[in-house]
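The values are calculated or read from the model by the stated rules, or taken from the named source; none is laboratory data. Predicted model only: the values in this text are computed from it and were never measured. All Cβ positions, glycine included, derive from the backbone under ideal geometry; neighbour counts span all protein chains shown. We work out accessible area using only protein heavy atoms, side chains counted, and drop any ligands, DNA or RNA first. Shrake-Rupley method; radii C 1.70, N 1.55, O 1.52, S 1.80 Å.
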Amino acid sequence: MNNLLSAFRLATLPAETNSFRAEVKAFLKSSLEPMPADILARSWMGFNAAFSKKLAARGWVGVTLPARYGGASLDAFSRFVLVEELLAAGAPVSAHWIADRQSGPLILKFGTEAQRQFYLPKICAAEAFFCIGMSEPNAGSDLASVGTRATRCEGGWRLNGRKIWTTNAHHCHYMIALVRSSGEPQDRQKGLSQFIVDLALPGVTVRPIRDLAGDAHFSEVFFDNVLLADDALIGNEGSGWAQVNAELAFERSGPERVYSSIVLLEHWITCLRRSPDASAHAATIGRFATHLATLRNMSIAVTAKLVNGESPLVEAALVKDIGTEFEQSIPALIEAAIAMDPDAPVDAELYRAVAYVSQVAPTYSLRGGTREILRGMIARGLGLR
């Protein structure tokens, strides 16, 4: 237990990231068009390929990837600063997000040199958008029981099955799919592999799923006898489980697991500044600030482990679990504050923003691993299971 808790001692970003932060702030000030809070609140779920292209032109897509593949060769601390500023500004980053955060690093670590040379420059140029094929209708968060199957055949592999809750699949060029390449679902982690699936291939069908907020960023993806070439396999056949866990450490550790509701919080505070007496909400704002500072420190500590070449699976799960609770508490407490103080200077923009975030907030504890799965991982990391 002490080893896990010691991972979250006070952590700070290197001083050299300050100049990079100033550069990012200046770029966002000049590049982002004014938008209402309910649109900005979509941020890392907001798909805008043109904005991703602008970032790529600055070298800020694939920032941690090596320069020889088109990346900026920056470390995870720089990416932390970039992500923090993008989310705080409500920038629409969803188009390149998954490729930048995890697909690119995964291909860099486990892919062949040919895969690196083909995919990574496209990712860094915001010309290749990726989605993640993990969840399935009959598997949920129990990834070890996936049933989508790749079977060896002449010319490569035949892929059959389906994935669900796949973010932006209807906009993306490629999916990295976790599928069974040998054995049966009862074999659990054994026999799982990861494949890069070109979503334009014959036999691939993508059906968007509309959510409560009226958006359609989730999809269900069907594979009907899709032919994959031999070079679609990432890493070794049967190594998918270890690879996907390394990938999830990237997914769970970033600031996006803390800042999903930050635009709403910022706009609420802006509204309160117009009030002659906002002291009634001081305790709530102080609580948010304290929790945010602590979670930010924890996230930086996990980032430091990534910089050191570690794979902090349990630490990332802990940050994601606690961060999700923080993100979900923001719309709930702001709604309660609005109801308790009807004379507060609340505008229509705030109402729209809190309505949107309240509708999507339940998904925060599903994406990147459900709360139950994460807490099982944390319990094992603490020696409690």
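Table for the structure above
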| read-out | value |
| --- | --- |
| Count of residues meeting criterion [free of Cβ contacts under 8 Å to residues at least 40 places away in the same chain and open to solvent by less than 30 Å² (accessible area, probe 1.4 Å)] in region 330-345 | 1 |
| Conditions (1) part of a strand (DSSP E or B); (2) open to solvent by 20 Å² or more (accessible area, probe 1.4 Å); (3) under 25 Å from Gly104 (Cβ atoms): number failed by Ser219 | (2) |
| Whichever residue in region 66-77 is part of a helix (DSSP H, G or I) and in contact (Cβ under 8 Å) with a residue 24 or more places away in the chain and, among such residues, is surrounded by the most Cβ atoms within 10 Å (Cβ to Cβ) | Ala76 |
| Odd one out for Ala22, checked against (1) free of Cβ contacts under 8 Å to residues at least 60 places away in the same chain; (2) surrounded by 15 or more Cβ atoms within 10 Å (Cβ to Cβ); (3) in a helix (DSSP H, G or I) | (2) |
| Qualifying positions in region 36-45 - open to solvent by less than 20 Å² (accessible area, probe 1.4 Å) and part of a loop (DSSP other than H, G, I, E, B) | Ala41 |
| Ala316 being within 16 Å of Gly381 (Cα to Cα), in contact (Cβ under 8 Å) with a residue 60 or more places away in the chain and not basic (Lys, Arg) | yes |
| Test: residue in region 248-267 that is more than 18 Å from Tyr119 (Cβ to Cβ) and open to solvent by 50 Å² or more (accessible area, probe 1.4 Å) | yes |
| Residue within region 114-128 that is part of a strand (DSSP E or B) and surrounded by fewer than 18 Cβ atoms within 10 Å (Cβ to Cβ) present | no |
| Residue in region 155-198 that is modelled with the lowest pLDDT, counting only those that are out of contact with any Gly (no Cβ under 7 Å at 6 or more places or on another chain), more than 13 Å from Met134 (Cα to Cα) and open to solvent by less than 20 Å² (accessible area, probe 1.4 Å) | Asn168 |
| Qualifying residue in region 63-72 (condition: of a type in the set (Phe, Trp, Tyr) and under 28 Å from Phe222 (Cβ atoms)) | no |
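Every residue, every condition in (1) open to solvent by 40 Å² or more (accessible area, probe 1.4 Å); (2) more than 20 Å from Lys109 (Cα to Cα), yes or no:
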| site | (1), (2) |
| --- | --- |
| Phe27 | no, yes |
| Pro34 | yes, yes |
| Phe47 | yes, yes |
| Ser52 | no, yes |
| Arg58 | yes, yes |
| Arg79 | no, no |
| Leu86 | no, yes |
| Val93 | no, yes |
